[in-house]
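The values are calculated or read from the model by the stated rules, or taken from the named source; none is laboratory data. On a predicted model such as this, the values are computed, not experimentally measured, just so you know. Here Cβ is always computed from backbone atoms with ideal geometry, including for glycine, and neighbour counts include all displayed protein chains. Just so you know, the surface numbers come from the protein's heavy atoms only, side chains and all, with ligands and any DNA or RNA stripped out. Shrake-Rupley method; radii C 1.70, N 1.55, O 1.52, S 1.80 Å.
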Amino acid sequence: MNAQGREPLAVFGAGWVGLVTAACFAELGHEVTVRDVVPEKVERLQNGEVPFFEPGLGELLERNRDRLTFTLDAADAAEAAELVFVCVDTPPTYSGDADLSRVWTVIDELPQLDRRSILVMKSTVPVGTGEKVRAALEARGLSHIGYVSNPEFLAEGTAIENFMNPDRVVVGAFLESDADRVTALYEPLGTTIVRADVASSEMIKLAANAFLTTKISFINEIANVCELVGADVVKVAQGVGLDHRMGPHFLRAGAGWGGSCFGKDVSALKQLAGNSGYQFQLLAAVIEVNELQKRRIVQKLQKHLGRLRGKRVALLGLAFKPNTDDMRDAPSLVLASRLLAEGANVRAYDPEARPGELLQGVALCDSTLEAVTGADAAVIVTEWNEFQTVATPEIRDAMRRPLIVDGRNLLDPEATRAVGFDYEGIGRAASPLSALPETPERELAD
Ligand SMILES: NC(=O)c1ccc[n+]([C@@H]2O[C@H](COP(=O)([O-])OP(=O)(O)OC[C@H]3O[C@@H](n4cnc5c(N)ncnc54)[C@H](O)[C@@H]3O)[C@@H](O)[C@H]2O)c1
């Protein structure tokens, strides 16, 4: 601990959670050593570059450069620290369980520390992981190392704000003294600290993501019924969400949830319940509704365009949400592959996401205008701000057919139709079908 009461920290994993944690704790005055296993990532960070897009992160890392060290060396990082934050990825396995192999690697890589350091788990892990880590530490002769579960709730795109102004911080520990040390780190944030046992802390994170996805799948099902009965889900969500017992958040109907966390965490909880002898039926439905929701966009296109073979479709947005370049489990991936399977000619534009090998067969464009030129339909897949102004005469005239399928209910239907577009949102009254022009497939070949 230094004269200002700051502890030297280590962060294992320089991804969204690790880098944001490191930058924010450095901002609070701590010396932080960040360790990753990918040499290019560490090299870029040492050179002052940020390996992914997260608003404000570059500036925060730059401002705190003197307090941040980046290394590939696990022993160096752990030896320098009083608290070691584990922020490695925990992707799903084929069974839906969380893959903890990277967490076990971190335990194996810890040097023989002689002081009482604390391992702080920020990665999302199944309930029971803390107990297993404790046993693994004991087996390595490191039983003097403490363990605290400290799940992370940040959302990509607003990660720094979420870290610095959290709704709460959860601290689950085996020993009160370990919980005290981790709690002290967060005291400058002036937020509510929920102290719990380790299992409950692990469950809080899984339950939180399960609840958020349940809200989204719920409003998506309401949207689908709205379409059949002539109601508008945007109005319905407003009227429901103003009730403080429900709240307005995560009641936005659309083309389904995605991202690196929701799918894997909901599957992990469903699988955890199943492994423990309980069938979590609600979560099975939440997942299924989401899978079907992503495919509804294709049905909407077919409704207007008939067979999609040879039709040109522009995807606006590829990232799983705006203000990030992250495409992990993005609905755009399912949509693009369904469209390609139907024989459509798919073009795509995203302000930040660069899919590389992820989107084979899709023509990537540098602007909305380039993507929609000659298109039979434009689909808003990600609600980037810049797509709010997409319904212009210039875009309409560039398209072969002025059809917008708004997978995020981003546009005003009346204003969009007034410009001359056919408009189809999610859970809102659709445009009447226009007569279909015959599309010669030759004309559309790239
Ligand atoms: N991304 C989010 O929005 C978010 C939010 C809350 C919680 N989480 C959870 O936090 C964890 C990390 O998520 P993320 O999105 O930051 O992942 P990420 O994939 O962006 O980053 C993980 C990093 O860990 C590194 N790594 C792997 N093994 C390592 C090791 N042995 N030592 C050091 N580094 C190692 C990887 O190279 C990678 O850079 C996951 O469990 C995730 O579920 C993520």
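Output the qualifying pairs, or none if there are none: Cβ atoms under 7 angstrom, residues six or more apart or on different chains, first residue in segment 395-407 and aliphatic (A, V, I, L, M), second residue modelled with pLDDT of 95 or more and open to solvent by 40 Å² or more (accessible area, probe 1.4 Å).
Here the result reads I395/L369; A398/L369; A398/T373, each pair linking segment 395-407 to a residue that is modelled with pLDDT of 95 or more and open to solvent by 40 Å² or more (accessible area, probe 1.4 Å).
Residues that are under 24 Å from the mean Cα position of the chain (by Cα) and not charged (D, E, K, R): find the strands (runs of 3 or more DSSP E) completely inside segment 61-129 holding 2 or more of those.
Values: elements: 68-71, 83-86, 118-121.
Of the strands (runs of 3 or more DSSP E) lying wholly inside segment 61-129, those with at least 2 residues that are under 24 Å from the mean Cα position of the chain (by Cα) and not charged (D, E, K, R) span 83-86, 118-121.
Spot the failing condition for L369; the list is (1) without any contact (Cβ under 8 Å) to a residue 60 or more places away in the chain; (2) open to solvent by 60 Å² or more (accessible area, probe 1.4 Å); (3) under 16 Å from the mean Cα position of the chain (by Cα), and only one is missed.
For L369, the failing item is (3).
Scan segment 285-294 and give yes if some residue there is polar (S, T, N, Q) and in contact (Cβ under 8 Å) with a residue 60 or more places away in the chain, otherwise no.
Looking through segment 285-294, at least one residue is polar (S, T, N, Q) and in contact (Cβ under 8 Å) with a residue 60 or more places away in the chain.
For residues that are part of a helix (DSSP H, G or I), open to solvent by 70 Å² or more (accessible area, probe 1.4 Å) and out of contact with any Pro (no Cβ under 9 Å at 6 or more places or on another chain), tally how many sit in segment 200-247. Steps first, please.
Looking only at segment 200-247, we keep the residues that are part of a helix (DSSP H, G or I), and these are 200-229, 233-241.
Imposing the further condition that a residue be open to solvent by 70 Å² or more (accessible area, probe 1.4 Å) reduces the set to 203, 211, 218, 221, 225, 228-229, 235, 238.
Those still in the list that are out of contact with any Pro (no Cβ under 9 Å at 6 or more places or on another chain) too: 203, 211, 218, 221, 225, 228-229, 235.
Residues flagged as part of a helix (DSSP H, G or I), open to solvent by 70 Å² or more (accessible area, probe 1.4 Å) and out of contact with any Pro (no Cβ under 9 Å at 6 or more places or on another chain) within segment 200-247 amount to 8.
Whether any residue in segment 293-301 is open to solvent by 30 Å² or more (accessible area, probe 1.4 Å) and in contact with a Gly (Cβ under 8 Å, 6 or more places away or on another chain) is what I want to check.
Residues of segment 293-301 open to solvent by 30 Å² or more (accessible area, probe 1.4 Å): 295-296, 299.
If we keep only those that are in contact with a Gly (Cβ under 8 Å, 6 or more places away or on another chain) too, we end up with none.
No, the conditions are met nowhere in segment 293-301.
Within segment 22-63, can you find the residues that are touching a Phe, Trp or Tyr at 6+ places or on another chain (Cβ under 6 Å) and under 16 Å from K122 (Cβ atoms)? First the steps, then the outcome.
The initial filter retains those residues of segment 22-63 that are touching a Phe, Trp or Tyr at 6+ places or on another chain (Cβ under 6 Å), namely 24, 32, 34-35, 42, 45-46.
C24, V32, V34, R35 - these are the residues of segment 22-63 that are touching a Phe, Trp or Tyr at 6+ places or on another chain (Cβ under 6 Å) and under 16 Å from K122 (Cβ atoms).
Would you confirm whether or not segment 271-280 contains a residue that is in contact with a helix residue (DSSP H, G or I) (Cβ under 6 Å, 6 or more places away or on another chain), surrounded by 14 or more Cβ atoms within 10 Å (Cβ to Cβ) and not in a helix (DSSP H, G or I)?
Step one: list which residues in segment 271-280 are in contact with a helix residue (DSSP H, G or I) (Cβ under 6 Å, 6 or more places away or on another chain), which gives 280.
Cutting the leftovers down to surrounded by 14 or more Cβ atoms within 10 Å (Cβ to Cβ) gives us 280.
Keeping just the survivors that are not in a helix (DSSP H, G or I) gives 280.
Yes: one or more hits.
Would you pick out the residues in segment 66-103 that are more than 9 Å from the ligand (Cβ to nearest atom) and of a type in the set (S, T, Y)?
Hits for segment 66-103 are T69, T71, T93, Y94, S95.
Can you find even one residue in segment 313-332 that is away from the ligand (no atom under 16 Å from the Cβ) and farther than 25 Å from F262 by Cα?
yes
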